[in-house]
Amino acid sequence: MFLRTYLLAALLLPVLATQAQQTIRGQVLDEQSTAPLPGVTVLVSGTDPLIGTSTDLDGYFVLPGVAVGRADVVFSYIGYEPRTMSGVLVNAGKETVLTVNLTEKVQALDAVVVTADNGTPGEALNDMATVSVRQLSVDEARRYSGTRSDPSRMAQNFAGVSSPGDDRNDIIIRGNSPAGVLWRMEGIDIPNPSHFGTLGATGGPVTILNTNNLSDADFFTGAFPAEYGNATAGVFDLGLRNGNTAKHEFLGQIGFNGFEAGAEGPLGSSNKGSYIVNYRYSTLGVLEAMGLEFGTGSSIPQYQDVTFKLNLPTEKAGRFTLFGFGGLSYIEFLSSQKEVDAEAVFGDDGYDQVFRSNTGMVGLNHTYFFNPNTYGRFSLAVSGFQSTGDIDSINTADLTNLIDLTDFDYGQLRYTASYELNRKFNARNKLNAGITADLFDLSLDQRTLLEGEQRPVTAFDGNAGFVRGWAQWQHRFSDALTLNGGVHGSYFLLNETGMVEPRASLRYRLRNNQSVNFGAGLHSQLQPLEVYFTESRLPDGSSIQTNRDLDLFKSVHLVTGYDKLIGERLRLKVEGYYQYLYGAAVEQRASSFSMLNAGADFGFPNNDSLVNEGTGRNMGVELTLERYLNKGWYLLSTVSVYDARYTASDGVERNTAFNGNYIANLLGGKEFALGKGHSVGLDSKVTLGGGRRYTPIDLDASRIADREIRLNDVAFSEQFDPYFRLDLKLSYSLEGKKATQKFSVDLQNLTGQENVFSQSYNRLTGDLNTRYQLGFFPDIQYRVLF
């Protein structure tokens with residue numbers, strides 16, 4: 001049915017396939033100061049006659065008449081390292097807009113001959129980043145099989161990264177909890193950018209982020225620079241691209257993530273301002289509204305989202321950018337109506353569940369250049385998050401008799417003000433410093449049925465402040481040797497706890513396109529906010545909040561790596577790391593509980609009387625072999641071997657919930673140009689990894705208690721069978737004179753492998769249910785640009 005729908009949509013927009021051409025435009029900036037560079041030579045390699053130009057006084061360039069397909073664009077400027085952007089995608093239906101950074105040379109004649117292309121894909125956008133970082137290309141996010149156009153799922157292909165399950169996009173980095181990941185957009189920390197998310201979590205079933213609006217991003221897996229705080233596992237530093245400053249362009253898309261419509265174009269008469277906006281509504285929600293049934297009853301995911309950015313440069317007052325995103329989601333699982341599949345990943349047999357989450361943010365950045373080497377950026381933002389849920393227990397003797405088990409309503413408004421100063425003193429030295437203040441306006445309420453009455457589990461209605469500051473310095477001893485050092489500080493006003501965190505990294509480029517890298521740093525993070533306000537019931541029936549004085553959680557990162565470019569397109573990277581975790585929240589009494597195991601579910605544990613006495617350690621080795629897209633094909637192979645352990649208040653060292661021990665990915669693809677605007681693509685991915693860790697269920701005790709009882713003394717001692725999945729993606733592109741149409745069929749879990757997700761106790765049957773991850777799933781997409 002879906003395929004017929006997409007083919008029909010294509011027929012509604014007939015386009016004559018020709019040898020189309022398009023314009024490449026953009027801006028060239030100094031990497032360290034971000035000031036525009038005038039007079040940069042820009043060429044399209046391999047064109048005859050040669051297509052080329054130079055940048056204007058504001059660093060802008062325009063290259064008209066470039067043939068659609070892939071193009072290599074070369075940038076050169078006296079005193080700067082040359083850069084080649086390889087495999088730039090050129091579509092007939094949309095102009096290609098690039099933002100390019102060039103690095104100033106320290107020495108006019110290098111003592112060490114370095115021939116590596118500093119425009120190699122994968123190099124970090126942040127020039128302070130040295131180790132454990134990979135640039136995420138939007139083109140890659142769309143191209144790779146199995147990603148569903150989701151940046152989180154794309155990042156799961158990188159070394160050291162795994163996922164707790166196919167049905168969520170949480171990111172597990174080096175055995176850490178997904179809760180340790182920081183999400184940023186345009187320099188501002190943002191709430192969980194996923195539909196059906198929960199407060200404090202960092203993932204969910206469907207992303208709100210839209211690759212049609214995103215620019216390339218940096219993804220950190222450890223020892224990140226001093227500007228990033230309140231994170232212990234990793235950082236996803238996102239940007240939103242600017243709209244086209246010369247013409248209005250439009251987009252339509254239908255696929256798994258939803259029905260989408262987008263627009264972008266110039267703002268103002270100077271042709272320097274722009275807008276871009278994209279709206280999406282869930283595919284299943286639309287089809288249900290049309291009266292189509294899917295055999296899942298009321299369990300239809302309903303969601304919608306919007307993403308936008310306005311870019312407004314001025315002649316003298318600097319640049320203003322207004323941006324944001326928002327998402328609404330709703331779903332219900334009604335076991336009382338027998339509408340939940342016994343093997344469904346979400347929903348619990350024996351319970352009716354209704355869940356809603358709303359999230360969004362709006363930010364304003366003002367960037368002002370005091371001179372070409374110094375700028376300041378002032379930011380204001382407000383973000384909001386609300387999740388509500390109602391869980392009713394079913395009377396096994398009478399399915400119509402529902403017992404109100406748990407209700408929760410978590411709300412957070414976050415007001416952010418930030419100022420950043422960036423100063424490039426010369427080609428060798430750069431300073432970056434700033435301060436950020438957050439005010440959390442919280443409304444947290446959860447009540448659960450205990451001993452026959454509804455009791456408060458979490459209760460708070462008030463404010464909490466959080467202040468952070470950083471300073472970092474870069475010194476380039478030569479074009480081969482770079483040292484980055486800095487310090488990050490944070491202070492939580494609620495309980496007057498804080499931390500000072502030194503960071504340092506070093507890169508030395510050897511001959512023959514090799515480099516060695518080292519990074520070290522101390523990182524800290526707040527506990528999930530709702531944990532601070534968990535209620536403890538006293539013998540007299542009153543309650544107190546015993547977690548309110550919890551300190552920050554800390555992690556020490558040590559990383560060393562080796563990087564080699566073999567030829568022009570093949571890259572080998574090896575990294576080893578060690579992380580020591582301390583100050584984790586554990587129970588005062590001797591138990592196996594640790595907050596290190598939370599963060600990959602729809603909520604956090606409500607354990608009370610916690611103390612910062614838990615520890616952990618993660619260690620591992622990662623190997624990446626990557627052949628960048630060239631001549632129509634690419635290859636990415638990653639292997640990670642790791643061990644993640646924790647020690648709780650009982651003093652026993654155990655596997656963490658995220659200790660899969662190994663993960664390996666092999667991705668590859670080939671594009672075939674068929675002539676006259678036609679092309680097809682074939683992409684594939686194979687993943688093999690250690691199975692999920694779990695705590696065994698005491699079946700006899702569960703039957704007696706009429707609820708699930710786990711053997712927590714042997715927490716996470718068991719492991720499901722290894723995870724295996726094969727994905728295969730087929731795509732077809734048609735380039736018309738003024739439009740581009742793209743079809744794709746992504747056959748996920750092609751072999752139908754039954755990877756175990758979890759085991760749970762079924763109150764209705766008194767037996768164990770085994771739930772499996774994604775079965776065979778065809779993700780079909782149609783996209784048109786015009």
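The values are calculated or read from the model by the stated rules, or taken from the named source; none is laboratory data. Since the structure is predicted, the reported quantities are computational estimates derived from the model, not experimental observations. Every residue, glycine as well, gets a Cβ built from its backbone with ideal geometry; the counts of neighbours run over all protein chains shown. Just so you know, the surface numbers come from the protein's heavy atoms only, side chains and all, with ligands and any DNA or RNA stripped out. Shrake-Rupley method; radii C 1.70, N 1.55, O 1.52, S 1.80 Å.
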Residue list for the range 146-162, filter: open to solvent by 10 Å² or more (accessible area, probe 1.4 Å) and assigned to a helix (DSSP H, G or I): 153
Criterion (in contact with a strand residue (DSSP E or B) (Cβ under 6 Å, 6 or more places away or on another chain), at pLDDT below 95, surrounded by fewer than 21 Cβ atoms within 10 Å (Cβ to Cβ) and under 28 Å from residue 202 (Cβ atoms)) met by exactly one of 608, 601: 608
Wholly within the range 163-280, strands (runs of 3 or more DSSP E) carrying at least 2 residues that are over 30 Å from residue 553 (Cβ atoms): 249-255, 258-267
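Each row is one residue, and each column tells you yes or no for (1) within 29 Å of residue 259 (Cα to Cα); (2) within 11 Å of the chain's Cα centre (by Cα); (3) of a type outside the set (Ser, Thr, Tyr).
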{"residue": "139", "(1), (2), (3)": "yes, no, yes"}
{"residue": "157", "(1), (2), (3)": "yes, no, yes"}
{"residue": "162", "(1), (2), (3)": "yes, no, no"}
{"residue": "167", "(1), (2), (3)": "yes, no, yes"}
{"residue": "184", "(1), (2), (3)": "yes, yes, yes"}
{"residue": "215", "(1), (2), (3)": "yes, no, no"}
{"residue": "223", "(1), (2), (3)": "no, no, yes"}
{"residue": "233", "(1), (2), (3)": "no, no, yes"}
Residue 189 vs. criteria more than 26 Å from residue 779 (Cα to Cα), open to solvent by 10 Å² or more (accessible area, probe 1.4 Å) and at pLDDT 85 or above: yes
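Could you pull out every one of the strands (runs of 3 or more DSSP E) wholly within the range 576-693 that has 2 or more residues that are touching a Gly at 6+ places or on another chain (Cβ under 8 Å)?
The strands (runs of 3 or more DSSP E) meeting that bar are 610-630, 633-647, 662-675, 678-689.
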Flag if residue 671 is within 25 Å of residue 750 (Cα to Cα) and more than 22 Å from the chain's Cα centre (by Cα): yes
Residue match in the range 38-51 (condition: among the aliphatic types (A, V, I, L, M), in contact with a Gly (Cβ under 9 Å, 6 or more places away or on another chain) and modelled with pLDDT under 90): no
Residues located in the range 624-639, provided they are open to solvent by 30 Å² or more (accessible area, probe 1.4 Å) and among the hydrophobic types (A, V, I, L, M, F, W, C): 625, 633, 635, 639
Flag for residue 524 being under 27 Å from residue 608 (Cβ atoms), in contact with an Asp or Glu (Cβ under 7 Å, 6 or more places away or on another chain) and part of a strand (DSSP E or B): yes
Those residues of the range 640-667 which are open to solvent by less than 10 Å² (accessible area, probe 1.4 Å), under 19 Å from residue 553 (Cα atoms) and either among the hydroxyl-bearing types (Ser, Thr, Tyr) or at pLDDT below 95 (or both), in sequence order: 646, 656
Residues of the range 527-559 that turn out to be part of a strand (DSSP E or B) and not hydroxyl-bearing (Ser, Thr, Tyr), as a count: 8
Residue in the range 713-734 that is over 22 Å from residue 642 (Cα atoms), in a loop (DSSP other than H, G, I, E, B) and not basic (Lys, Arg) present: no
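So that you can scan it fast, the table gives a plain yes or no per residue for (1) buried (at least 22 other Cβ atoms within 10 Å of the Cβ); (2) at negative phi; (3) under 28 Å from the mean Cα position of the chain (by Cα):
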{"position": "468", "(1), (2), (3)": "yes, yes, yes"}
{"position": "471", "(1), (2), (3)": "no, yes, yes"}
{"position": "478", "(1), (2), (3)": "no, yes, no"}
{"position": "481", "(1), (2), (3)": "no, yes, no"}
{"position": "510", "(1), (2), (3)": "no, yes, no"}
{"position": "520", "(1), (2), (3)": "no, yes, yes"}
{"position": "532", "(1), (2), (3)": "yes, yes, yes"}
{"position": "555", "(1), (2), (3)": "yes, yes, yes"}
{"position": "565", "(1), (2), (3)": "no, yes, yes"}
Filter pass, residue 720 being among the aromatic types (Phe, Trp, Tyr) and open to solvent by 40 Å² or more (accessible area, probe 1.4 Å): no
Selection status of residue 203, crowded, with 23+ Cβ neighbours inside 10 Å and in contact with a Pro (Cβ under 9 Å, 6 or more places away or on another chain): yes
Only one of 703, 707 that is closer than 30 Å to residue 765 by Cα, open to solvent by 20 Å² or more (accessible area, probe 1.4 Å) and part of a loop (DSSP other than H, G, I, E, B): 707
